[in-house]
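Below is one structure, written out as C-alpha coordinates, with a few remarks after it.
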Amino acid sequence: MVSMTESQPLELSRPNQVQRRDESWRPPSFRRVSSRWDSLVAAARRLLDLQASSIYRDLRLLLPPLNGVILDVGCGAQPYRPLIGPQAVYRAIDQSEAYERFGYSVPDTTYYEGDAWPIDSSSVDVVLSTETLEHVAEPRAFLLEAWRCLKPGGRIVLTVPFSARWHYIPHDYWRFTPSGLLNLLESAGFHNVTVYARGNAFCVACYKVMALFLPLLLTQQSAWPVRWLSRTIGVICLPLICVLGLLGNLSLMGEGGDDCLGYTAIAARPSERAQ
(Lines give C-alpha, C1' and ligand atoms only; values in the text may rest on other atoms or scores of the structure.)
Protein backbone atom coordinates (compact mmCIF):
# COMPACT_ATOMS: atom_id res chain seq x y z
CA MET A 1 0.00 0.00 0.00
CA VAL A 2 1.33 3.44 -1.01
CA SER A 3 0.58 6.31 1.35
CA MET A 4 -0.22 9.74 -0.03
CA THR A 5 2.16 12.41 1.21
CA GLU A 6 2.72 16.08 0.50
CA SER A 7 5.42 15.03 -1.99
CA GLN A 8 2.72 13.12 -3.91
CA PRO A 9 -0.15 15.63 -4.27
CA LEU A 10 -3.37 14.93 -6.08
CA GLU A 11 -3.23 17.04 -9.24
CA LEU A 12 -4.86 17.43 -12.62
CA SER A 13 -3.33 18.94 -15.73
CA ARG A 14 -5.73 21.90 -15.76
CA PRO A 15 -4.92 25.26 -14.08
CA ASN A 16 -5.64 25.64 -10.38
CA GLN A 17 -8.46 28.20 -10.33
CA VAL A 18 -7.82 29.41 -6.78
CA GLN A 19 -4.63 30.97 -8.09
CA ARG A 20 -6.54 33.21 -10.51
CA ARG A 21 -6.37 36.94 -9.81
CA ASP A 22 -7.91 38.32 -12.98
CA GLU A 23 -10.22 37.34 -15.83
CA SER A 24 -9.59 36.92 -19.52
CA TRP A 25 -12.33 39.40 -20.44
CA ARG A 26 -14.29 41.87 -18.30
CA PRO A 27 -17.54 43.48 -19.47
CA PRO A 28 -17.39 47.28 -19.72
CA SER A 29 -18.21 49.00 -16.44
CA PHE A 30 -21.62 50.58 -16.03
CA ARG A 31 -21.68 54.35 -16.35
CA ARG A 32 -23.64 56.80 -14.27
CA VAL A 33 -26.85 57.94 -15.99
CA SER A 34 -26.74 61.73 -15.79
CA SER A 35 -27.82 62.79 -19.29
CA ARG A 36 -30.08 61.75 -22.14
CA TRP A 37 -27.07 60.33 -23.96
CA ASP A 38 -26.25 58.17 -20.93
CA SER A 39 -29.85 56.90 -20.98
CA LEU A 40 -29.51 55.92 -24.65
CA VAL A 41 -26.22 54.14 -23.98
CA ALA A 42 -27.82 52.28 -21.06
CA ALA A 43 -30.78 51.22 -23.23
CA ALA A 44 -28.40 49.96 -25.94
CA ARG A 45 -26.44 48.03 -23.35
CA ARG A 46 -29.61 46.32 -22.14
CA LEU A 47 -30.12 44.91 -25.64
CA LEU A 48 -26.76 43.13 -25.39
CA ASP A 49 -26.56 42.60 -21.62
CA LEU A 50 -29.46 40.35 -20.69
CA GLN A 51 -28.47 40.33 -17.01
CA ALA A 52 -28.74 44.13 -16.87
CA SER A 53 -31.98 44.04 -18.87
CA SER A 54 -33.57 41.49 -16.54
CA ILE A 55 -32.68 43.57 -13.47
CA TYR A 56 -33.96 46.77 -15.07
CA ARG A 57 -37.28 45.13 -15.97
CA ASP A 58 -37.89 44.23 -12.32
CA LEU A 59 -36.63 47.45 -10.76
CA ARG A 60 -38.56 49.74 -13.10
CA LEU A 61 -41.69 48.22 -11.53
CA LEU A 62 -40.47 48.06 -7.94
CA LEU A 63 -38.59 51.33 -7.41
CA PRO A 64 -40.75 54.21 -8.74
CA PRO A 65 -43.57 53.87 -6.13
CA LEU A 66 -41.23 53.69 -3.13
CA ASN A 67 -41.19 56.46 -0.50
CA GLY A 68 -38.82 57.44 2.27
CA VAL A 69 -35.07 56.90 2.41
CA ILE A 70 -33.71 54.39 -0.10
CA LEU A 71 -30.21 53.14 0.67
CA ASP A 72 -28.34 51.72 -2.34
CA VAL A 73 -25.66 49.41 -0.92
CA GLY A 74 -22.83 48.38 -3.22
CA CYS A 75 -24.15 50.99 -5.60
CA GLY A 76 -21.33 50.92 -8.16
CA ALA A 77 -22.23 53.47 -10.85
CA GLN A 78 -25.74 53.98 -9.39
CA PRO A 79 -27.33 52.67 -12.63
CA TYR A 80 -30.84 52.35 -11.18
CA ARG A 81 -30.98 55.70 -9.42
CA PRO A 82 -33.07 57.28 -12.25
CA LEU A 83 -35.87 54.79 -11.48
CA ILE A 84 -36.40 56.26 -8.01
CA GLY A 85 -39.20 58.81 -7.85
CA PRO A 86 -38.88 62.39 -6.55
CA GLN A 87 -40.89 61.50 -3.44
CA ALA A 88 -37.98 59.35 -2.15
CA VAL A 89 -34.54 60.26 -0.77
CA TYR A 90 -31.67 58.37 -2.40
CA ARG A 91 -28.48 57.52 -0.50
CA ALA A 92 -25.58 55.45 -1.83
CA ILE A 93 -22.77 53.61 -0.05
CA ASP A 94 -20.06 51.28 -1.26
CA GLN A 95 -16.91 49.62 -0.02
CA SER A 96 -13.72 51.67 -0.05
CA GLU A 97 -12.21 49.00 -2.36
CA ALA A 98 -14.89 49.62 -4.99
CA TYR A 99 -12.50 51.35 -7.37
CA GLU A 100 -9.62 48.94 -6.86
CA ARG A 101 -11.77 45.83 -7.23
CA PHE A 102 -14.58 46.92 -9.56
CA GLY A 103 -13.49 50.20 -11.14
CA TYR A 104 -16.16 52.45 -9.58
CA SER A 105 -15.61 55.85 -7.97
CA VAL A 106 -18.80 57.88 -8.20
CA PRO A 107 -19.76 61.26 -6.69
CA ASP A 108 -22.55 61.29 -4.09
CA THR A 109 -21.38 57.92 -2.79
CA THR A 110 -20.21 57.35 0.77
CA TYR A 111 -17.30 54.91 0.79
CA TYR A 112 -16.58 52.93 3.95
CA GLU A 113 -14.23 50.27 5.29
CA GLY A 114 -15.04 47.09 7.16
CA ASP A 115 -18.36 45.33 7.57
CA ALA A 116 -20.31 48.01 9.49
CA TRP A 117 -22.26 50.43 7.31
CA PRO A 118 -21.95 54.17 8.10
CA ILE A 119 -25.71 54.38 8.59
CA ASP A 120 -27.71 54.92 11.79
CA SER A 121 -29.82 52.04 13.04
CA SER A 122 -33.51 52.03 12.05
CA SER A 123 -33.00 55.02 9.77
CA VAL A 124 -33.87 53.87 6.21
CA ASP A 125 -37.08 52.64 4.63
CA VAL A 126 -35.64 50.51 1.82
CA VAL A 127 -32.29 48.79 1.33
CA LEU A 128 -31.51 48.25 -2.35
CA SER A 129 -28.65 45.97 -3.32
CA THR A 130 -28.15 44.91 -6.94
CA GLU A 131 -25.65 42.21 -7.92
CA THR A 132 -23.65 42.79 -4.74
CA LEU A 133 -24.30 39.86 -2.42
CA GLU A 134 -22.22 37.45 -4.53
CA HIS A 135 -19.21 39.72 -3.89
CA VAL A 136 -19.67 39.66 -0.10
CA ALA A 137 -17.54 37.08 1.69
CA GLU A 138 -19.99 36.95 4.65
CA PRO A 139 -23.49 37.41 3.20
CA ARG A 140 -25.32 36.83 6.51
CA ALA A 141 -23.33 39.65 8.16
CA PHE A 142 -24.30 41.88 5.21
CA LEU A 143 -27.98 41.05 5.68
CA LEU A 144 -27.76 41.64 9.42
CA GLU A 145 -26.47 45.15 8.66
CA ALA A 146 -29.40 45.67 6.31
CA TRP A 147 -31.80 44.58 9.06
CA ARG A 148 -30.12 46.94 11.55
CA CYS A 149 -30.36 49.97 9.26
CA LEU A 150 -33.96 49.40 8.22
CA LYS A 151 -36.83 50.88 10.13
CA PRO A 152 -39.31 48.33 11.52
CA GLY A 153 -41.54 47.44 8.59
CA GLY A 154 -38.85 48.49 6.10
CA ARG A 155 -37.97 46.31 3.11
CA ILE A 156 -34.91 44.99 1.35
CA VAL A 157 -34.76 44.55 -2.43
CA LEU A 158 -31.96 42.26 -3.63
CA THR A 159 -30.86 41.04 -7.04
CA VAL A 160 -28.31 38.26 -7.42
CA PRO A 161 -26.99 36.37 -10.47
CA PHE A 162 -27.47 32.66 -10.98
CA SER A 163 -26.41 31.65 -14.52
CA ALA A 164 -23.48 34.01 -14.70
CA ARG A 165 -19.78 33.71 -15.35
CA TRP A 166 -17.22 34.01 -12.57
CA HIS A 167 -16.46 37.72 -12.68
CA TYR A 168 -14.32 40.33 -10.94
CA ILE A 169 -11.99 37.50 -10.02
CA PRO A 170 -11.23 36.71 -7.23
CA HIS A 171 -13.97 38.83 -5.59
CA ASP A 172 -16.93 36.70 -6.66
CA TYR A 173 -17.86 34.12 -4.05
CA TRP A 174 -21.43 32.82 -4.35
CA ARG A 175 -24.40 31.78 -6.50
CA PHE A 176 -27.68 31.67 -4.59
CA THR A 177 -30.82 29.57 -5.08
CA PRO A 178 -34.29 30.63 -3.88
CA SER A 179 -33.89 28.18 -0.98
CA GLY A 180 -30.54 29.71 -0.08
CA LEU A 181 -31.90 33.25 -0.22
CA LEU A 182 -34.86 32.28 1.97
CA ASN A 183 -32.55 30.68 4.51
CA LEU A 184 -30.18 33.65 4.62
CA LEU A 185 -32.89 36.30 4.84
CA GLU A 186 -34.89 34.50 7.53
CA SER A 187 -31.77 33.75 9.57
CA ALA A 188 -31.01 37.51 9.50
CA GLY A 189 -34.48 38.28 10.90
CA PHE A 190 -36.45 39.10 7.74
CA HIS A 191 -39.91 37.75 6.96
CA ASN A 192 -42.40 37.77 4.06
CA VAL A 193 -39.64 36.66 1.70
CA THR A 194 -40.48 36.49 -2.01
CA VAL A 195 -38.02 35.42 -4.69
CA TYR A 196 -38.61 35.89 -8.42
CA ALA A 197 -36.64 34.24 -11.24
CA ARG A 198 -35.32 36.49 -13.98
CA GLY A 199 -35.44 34.68 -17.31
CA ASN A 200 -35.72 31.04 -18.31
CA ALA A 201 -33.67 28.34 -20.05
CA PHE A 202 -34.15 29.93 -23.48
CA CYS A 203 -32.98 33.30 -22.17
CA VAL A 204 -29.96 31.67 -20.55
CA ALA A 205 -29.12 29.94 -23.85
CA CYS A 206 -29.22 33.29 -25.68
CA TYR A 207 -27.07 34.83 -22.96
CA LYS A 208 -24.45 32.07 -23.16
CA VAL A 209 -24.18 32.16 -26.95
CA MET A 210 -23.87 35.96 -26.88
CA ALA A 211 -21.10 35.55 -24.30
CA LEU A 212 -19.07 33.66 -26.92
CA PHE A 213 -19.13 36.54 -29.40
CA LEU A 214 -19.22 39.73 -27.34
CA PRO A 215 -15.61 39.34 -26.15
CA LEU A 216 -14.62 39.30 -29.83
CA LEU A 217 -16.54 42.46 -30.64
CA LEU A 218 -15.38 44.21 -27.47
CA THR A 219 -11.95 42.63 -27.37
CA GLN A 220 -9.47 43.63 -24.70
CA GLN A 221 -6.47 42.07 -26.44
CA SER A 222 -3.40 44.31 -26.49
CA ALA A 223 -1.66 42.87 -29.59
CA TRP A 224 -3.06 44.73 -32.60
CA PRO A 225 -3.22 41.76 -35.03
CA VAL A 226 -5.25 39.72 -32.56
CA ARG A 227 -7.36 42.77 -31.68
CA TRP A 228 -8.06 43.50 -35.37
CA LEU A 229 -8.96 39.89 -36.13
CA SER A 230 -11.21 39.60 -33.06
CA ARG A 231 -13.12 42.77 -33.87
CA THR A 232 -13.55 41.74 -37.49
CA ILE A 233 -15.09 38.43 -36.46
CA GLY A 234 -17.20 40.28 -33.87
CA VAL A 235 -18.54 42.71 -36.48
CA ILE A 236 -19.41 39.81 -38.80
CA CYS A 237 -21.32 38.17 -35.93
CA LEU A 238 -23.00 41.40 -34.82
CA PRO A 239 -26.35 40.64 -36.56
CA LEU A 240 -26.50 37.29 -34.76
CA ILE A 241 -25.65 38.98 -31.45
CA CYS A 242 -28.45 41.53 -31.94
CA VAL A 243 -31.00 38.85 -32.89
CA LEU A 244 -30.10 36.81 -29.82
CA GLY A 245 -30.33 39.94 -27.66
CA LEU A 246 -33.78 40.73 -29.05
CA LEU A 247 -35.02 37.17 -28.56
CA GLY A 248 -33.55 37.03 -25.06
CA ASN A 249 -35.24 40.30 -24.10
CA LEU A 250 -38.57 39.05 -25.47
CA SER A 251 -38.23 35.86 -23.43
CA LEU A 252 -37.89 37.96 -20.27
CA MET A 253 -41.56 38.87 -20.67
CA GLY A 254 -42.51 35.31 -19.71
CA GLU A 255 -42.39 33.56 -16.39
CA GLY A 256 -39.01 32.72 -14.95
CA GLY A 257 -37.72 29.17 -15.02
CA ASP A 258 -35.58 26.88 -12.90
CA ASP A 259 -32.59 27.75 -15.08
CA CYS A 260 -32.52 31.54 -15.07
CA LEU A 261 -30.19 34.51 -15.26
CA GLY A 262 -30.70 35.45 -11.63
CA TYR A 263 -33.17 36.24 -8.88
CA THR A 264 -34.88 39.29 -7.45
CA ALA A 265 -35.71 38.93 -3.75
CA ILE A 266 -37.88 41.12 -1.53
CA ALA A 267 -38.20 40.79 2.24
CA ALA A 268 -39.27 42.90 5.18
CA ARG A 269 -37.98 43.69 8.62
CA PRO A 270 -40.90 42.87 10.96
CA SER A 271 -42.75 45.85 12.40
CA GLU A 272 -42.39 46.48 16.12
CA ARG A 273 -45.81 45.00 16.68
CA ALA A 274 -44.86 41.81 14.81
CA GLN A 275 -41.62 41.56 16.82
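May I ask you to say which residue of LEU63, LEU59, LEU40, LEU48 is surrounded by 11 or more Cβ atoms within 10 Å (Cβ to Cβ), farther than 18 Å from LEU128 by Cβ and touching a Leu at 6+ places or on another chain (Cβ under 7 Å)?
Result of the check over LEU63, LEU59, LEU40, LEU48: LEU48.
Going through region 58-75 one residue at a time, which ones are assigned to a helix (DSSP H, G or I) and either over 16 Å from the mean Cα position of the chain (by Cα) or of a type in the set (Gly, Ala, Ser) (or both)?
Keep residues of region 58-75 that are assigned to a helix (DSSP H, G or I), which gives 58-62.
Hits for region 58-75 are LEU61, LEU62.
Return the residue satisfying two criteria in turn: it lies in region 217-236 and is surrounded by 15 or more Cβ atoms within 10 Å (Cβ to Cβ) and under 15 Å from PRO28 (Cα atoms), and of such residues it is modelled with the lowest pLDDT.
Among residues in region 217-236 that are surrounded by 15 or more Cβ atoms within 10 Å (Cβ to Cβ) and under 15 Å from PRO28 (Cα atoms), the one modelled with the lowest pLDDT is GLN221.
Starting from region 103-129, keep only residues that are within 20 Å of PRO79 (Cα to Cα), then list their pairs with residues that are of a type in the set (Phe, Trp, Tyr) and surrounded by fewer than 18 Cβ atoms within 10 Å (Cβ to Cβ) whose Cβ atoms are within a distance under 6 Å, requiring at least 6 positions of separation or different chains.
Once the first residue is within 20 Å of PRO79 (Cα to Cα) and sits in region 103-129, its partners that are of a type in the set (Phe, Trp, Tyr) and surrounded by fewer than 18 Cβ atoms within 10 Å (Cβ to Cβ) give SER105/TYR99.
Just the residues that are more than 20 Å from ASP258 (Cα to Cα) and of a type in the set (Phe, Trp, Tyr), please, taken from region 170-191.
TYR173, PHE190
Are any of the residues in region 76-84 part of a strand (DSSP E or B), modelled with pLDDT of 95 or more and charged (D, E, K, R)?
no
The values are calculated or read from the model by the stated rules, or taken from the named source; none is laboratory data. For clarity, every value in this text was computed on a predicted model and none was experimentally measured. Every residue, glycine as well, gets a Cβ built from its backbone with ideal geometry; the counts of neighbours run over all protein chains shown.
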